[in-house]
Amino acid sequence: MAISGLGFCCRSHFLFRSPPYMYCIRKVRKCSVMAVETTLSEQQGFFNDDDGDSELTSHKTVNAGVVALKWKKWNAKELGITSSMISQPTKVVLKELKRKGYEVYLVGGCVRDLILKQIPKDFDIITSAELRQVVKTFSRCEIVGRRFPICHVHVDDTFIEVSSFSTSSRKKSSSSDFLRKPRGCSEQDYLIWRNCMKRDFTINGLMLDPYANVVYDYIGGMEDLKKAKVRTVIPAYTSFQEDCARILRAIRIAARLGFRLTKETAFSLKDLSCSILRLDKTRHLMEMNYMLAYGSAEASLRLLWKVGLLEILLPVQAAYFVSQGFRRRDKRLNMLLSLFANLDAFLAPNRPCHQSLWIAMLVFHKALADNPKDPLVVATFALTVHNGGNLPEGIDIARSITRPHDSNFSELDTQDLDSDEKLKMEVMDLASLVKVALRQMTDESFVSQAMAQYPQAPYSDLVIIPLACYTRVLRIFDCVKGSQRKGFTPRRGNKIDYEYLAMGKLEEVQYVFARVVFDTIYPAYLDQRPKTRSAA
């Protein structure tokens, strides 16, 4: 059968499990912070003992302003960083620039992730070479960006971002108003310090020399890694005014790492939350994709809701949270969060999904939230989506499910579906409702009304789904027409092809969609509950 590769047809004992590496990543979050803490205790510290949440607690205030922290060079090997943790394309670029005699460093989030034993989403390089010299060094390289140009160096089927010290020095920043150059800096150290001062968050201000095995820290990044905090380099209010995109990056980083925002960062973020509307829609989509497509979607949605950004970015989903009586600090699960928690189980920073998948999840959930359906209908719908539209086969497999469904979701409403014809009609109705939900989520007037009944919420008519993505999402569900689409080739095996998933290949997206929906409606843990004896 075409659906056999999905693997959840009629075996009540079947368990979907997160890929093994996901367990490793989740365990690393606490362990890696502990590892950093151990390393810090073994080496002589240089931070202020004050553990308060003020942005300037790591600096000493004097009449003339704020002097910089004592800076520190850390042994990369003692921090657990090895060459094998750096991607091969990145090594190619580093090696070639170094061979030409240029200084090269890894910088930003990749250094942070290497220290935490996380998988970096990408690797960024900064070099002493001018950008034009970088272009001459590599045959497949171009300069991108107008305000702050960088190089994209293409290696195989990926590209590495390379920036230059000379270019970064031209970036305007308020950091010099708050921090002073450390004493005793060599010319090389001064270049590194000046670049670190222009970073957004302290934990992104670390720089690694992969050849000398040295990590440079001038702004307290290691201390904030140990404390699991997201702190701006300069006072948060100033930082977010300087670049409102940092607001979204703060959420993304905190959610992915499981870190806390410092108090001043959180308060400033809330005060300036509406400033993100100044960003264009492509930037909103990019940041939302970083949050929802890389394995930390549930945490991102919770944090967006907690700080009041969800009603700006996704007003429809914010309205759902309100309708569920979901408080800002609520620890409970609802169906929307459960869907994305199950999606997270399959994803990682180096194994993302295409944006069409998480948009399809949002749309599918909205349709169910507005019009609850029987669990059997939902299962049949998901099976049919995966199976290229073969509804009769979807019905046969769905009826063989013996696992109990989760009865806690208001989106599920048990119905009498004794005949296949009734079930078929309900599935077709759900397919229509999903398409309606997709149209609504791309309609500015509809989106603007989502939170209208909640006057305290900020106004937003933001639609982040572009036309091209709308069409892709429509194709995911368009097959549910009662008969299998022509030319459909059954997918084989249970293993996810992450290259295809990132590219948005239709069959791969449909497969993962079906698995996530099934895991949400029929969670494996319900099979493991002890059975109670019926009364005699």
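The values are calculated or read from the model by the stated rules, or taken from the named source; none is laboratory data. As the structure is a prediction and not an experimental result, all values here were calculated from the model. All Cβ positions, glycine included, derive from the backbone under ideal geometry; neighbour counts span all protein chains shown. The protein model used for the area step is the full one, side chains on, heavy atoms only, and it has no ligands, DNA or RNA in it. Shrake-Rupley method; radii C 1.70, N 1.55, O 1.52, S 1.80 Å.
Miscellaneous remarks
- Local electrostatic count, Ala297, Cβ distance below 12 Å [Lys/Arg +1, Asp/Glu -1]: +1
- Within straight-line cross-link reach of Lys229, aspartates and glutamates at Cα separation under 16 Å, skipping those fewer than 8 residues along the same chain: Glu37, Asp49, Asp50, Asp51, Asp53, Glu55, Asp113, Asp200, Asp217, Glu264
- Site pair Lys263 and Glu444 shows an inter-label distance of 4.1 nm when each label is modelled 7 Å from Cα along Cα→Cβ.
- Computed from backbone phi, the HN-Hα couplings of the stretch 152-161 come to 9, 9, 8, 10, 6, 9, 9, 9, 10, 7 Hz, rounded to whole numbers (Karplus: 6.51 cos²θ - 1.76 cosθ + 1.60, θ = phi - 60°; Gly and Pro given as x).
- Dipole magnitude for the stretch 351-472: computed about the Cα centre from +1 point charges on Lys and Arg Cβ and -1 point charges on Asp and Glu Cβ, it is near 500 debye.
- The stretch 355-527: radius of gyration and largest Cα-Cα distance (Dmax), Å: 16.6, 51
- Sequence-distant residues sharing a close amide H with Met207 (under 5 Å, placed H): Tyr216
- Low-density loop positions, chymotrypsin sites (Phe, Trp or Tyr not before Pro), the stretch 416-477 - DSSP coil, at most 16 other Cβ in 10 Å: Tyr459
- For the stretch 223-322, applying the loop criterion from DSSP together with a ceiling of 11 other beta carbons within 10 Å to the chymotrypsin sites (Phe, Trp or Tyr not before Pro) yields no site.
- Ser323/Arg147 FRET efficiency (R0 51 Å; Cβ-Cβ; nearest 0.05): 0.75
- Computed label-point distance, nm, for sites Asp420 and Arg278 using a 7 Å Cα→Cβ extension: 6.1 nm
- Residues Leu131, Leu467 ordered from highest to lowest accessible area at a 1.4 Å probe: Leu467, Leu131.
- Pairs from the table (Lys73/Lys270; Lys198/Lys270; Lys100/Lys226) lying more than 32 angstrom apart at Cα are Lys73/Lys270; Lys100/Lys226.
- Packing around the peptides 349-360, 207-218, taken as the average count of other Cβ atoms within 10 Å per residue, puts them in this order, highest first: 349-360, 207-218.
- The stretch 355-527: Lys pairs at Cα distance under 28 angstrom, eight or more positions apart or on different chains: 24
- The stretch between Ser186 and Lys505, if pulled fully straight at 0.36 nm per residue, gains 109.7 nm over its current Cα-Cα span.
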